[in-house]
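Only the coordinates and a few stated rules stand behind these numbers; no lab work does. Small disclaimer: the values here were computed from a predicted structure and weren't measured. Note that each Cβ is placed from the backbone with ideal geometry, even for glycine, and that neighbours are counted across all protein chains shown.
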């Protein structure tokens with residue numbers, strides 16, 4: 001027994017030594033902007049340091065050839081398993097070969113319930129059904145809805161646009177079979193956070209002209225990523241160095257999701273991946289002038305950059321609506337369902353939500369908008385952990401539940 005404790009002590013000292021070396025070597029990586037008015041700034045700083053340390057460790061393990069960076073990050077980001085909610089039936093199924101987890105309230109209902117299809121965030125590379133178990137359970141229980149959490153295949157194992165197509169497949173399947181789960185097919189809402197918001201938007205756009213299945217009743221977009229053309233909007237500048245999802249991290253994650261060379265990051269941040277003709281075409285929709293002045297404090301227009309054809313040839317996906325649904329034509333946007341958009345003040349992607357809100361309103365689509373002044377991107381991923389969570393997270397979920405209950 002004494003030898004066991006001795007070995008454990010030695011192992012603990014070695015681990016601590018390795019961590020200290022990593023911290024000393026990459027100390028600049030731990031620097032991040034933590035605004036004083038963000039939700040629980042000290043806790044956010046602590047989480048940012050832990051996340052950064054794990055990210056550095058994952059990169060080093062990949063460099064050593066032990067395993068790829070995203071494998072360790074998935075294990076960490078997925079969080080702890082949760083206790084199954086006793087008020088729900090929870091089943092793991094497949095909708096046309098796409099894994100789903102379905103949450104059904106146990107109490108009988110006098111009429112068919114509404115249905116919610118949920119797409120988790122994670123840049124199309126991280127997170128899973130498990131990571132959003134607490135969120136989906138809460139939505140199902142509090143809104144008395146049948147929730148389908150979609151376990152779309154992740155990149156890099158399945159390259160773009162496979163995740164979007166998985167989400168589309170699962171949604172169509174549920175629309176066709178909703179009554180089998182006690183759901184009214186005319187009361188189905190699609191919901192997603194971050195990249196899940198991208199998939200939500202894309203799925204709703206692709207289904208507007210389908211006449212063989214019921215129409216989506218509403219969509220909920222939580223801190224959505226909606227365009228990859230302009231990374232110099234006011235929210236990009238204001239939150240460039242924010243914890244968890246910085247300006248540079250955003251583009252790096254997009255490149256990893258698309259399985260592209262990350263050396264193009266600087267060119268994309270500068271906007272050199274977009275031809276001038278494309279910038280002019282979409283300026284009517286992606287333009288700092290369309291952002292309300294209250295959200296542009298301190299904004300400085302970026303200097304013109306040179307277009308780099310060699311970069312554009314390697315990454316043309318930003319002009320596709322499956323990656324940049326903000327670029328959909330008005331003929332599509334005007335047919336979209338009622339929409340709830342939740343944005344956060346301390347989020348590089350905040351302006352994506354604001355620009356899409358304006359597009360929807362300009363096309364006479366009913367929009368409900370909540371802006372979390374103390375909120376930050378990735379907060380939703382820490383929902384349901386008691387004192388380890390953030391108050392803004394619960395507010396996001398409550399706004400989502402209240403919107404869903406209106407349908």
Within region 294-323, the residues whose backbone N lies under 14 Å from a label point placed 7 Å from the Cα of residue 266 along the Cα-to-Cβ direction are 306
Here the equivalent ellipsoid of region 281-370, derived from its Cα gyration tensor, has semi-axes (largest first, whole Å) of 24, 19, 12
Computed over the Cα atoms of region 356-407, the Rg and Dmax in Å are 13.5, 42
Evaluated at 37 °C and 0.692 mPa s, the Stokes-Einstein D of region 154-225 based on the Kirkwood radius over Cα pairs, in µm²/s, stands at 259 µm²/s
Region 27-72 and region 265-290 have their Cα centres apart by a whole-number Å value of 30 Å
Bridge orientation stat for the chain from DSSP, antiparallel percent rounded to 5, came to 30 percent
Within the set 135, 382, 71, GNM on the chain using Cα springs under 10 Å gives the largest fluctuation to 71
Extension length gain for residue 75 and residue 367 (0.36 nm per residue less Cα distance), in nm, is 101.5 nm
re region 53-192: pairs of Cα atoms spaced beyond 20 Å account for a percent value of 49 percent
Simple spin-label estimate for residue 144/residue 240, 7 Å along Cα→Cβ, in nm, reads 5.1 nm
With region 143-287 reduced to its Cα atoms and the Debye formula applied, log10 I(q)/I(0) at q = 0.09, 0.14, 0.19, 0.20 1/Å amounts to -0.36, -0.80, -1.20, -1.27
Square roots of five times the C-alpha gyration tensor eigenvalues of region 38-126, ordered largest first and given in whole Å, equal 35, 19, 11
Cα extents of the chain along the principal axes, largest first, in whole Å, come to 66, 60, 39
With the 8 Å Cα cutoff and a minimum separation of six or more residues, the chain has a relative contact order in percent of 16 percent
Highest mean packing first, using Cβ neighbours within 10 angstrom, the peptides 215-224, 35-44 sort as 215-224, 35-44
Taking 344, 334 and counting other beta carbon atoms within 10 angstrom, the fewest-first order is 334, 344
From fewest to most C-beta neighbours within 10 Å, the residues 97, 68 line up as 97, 68
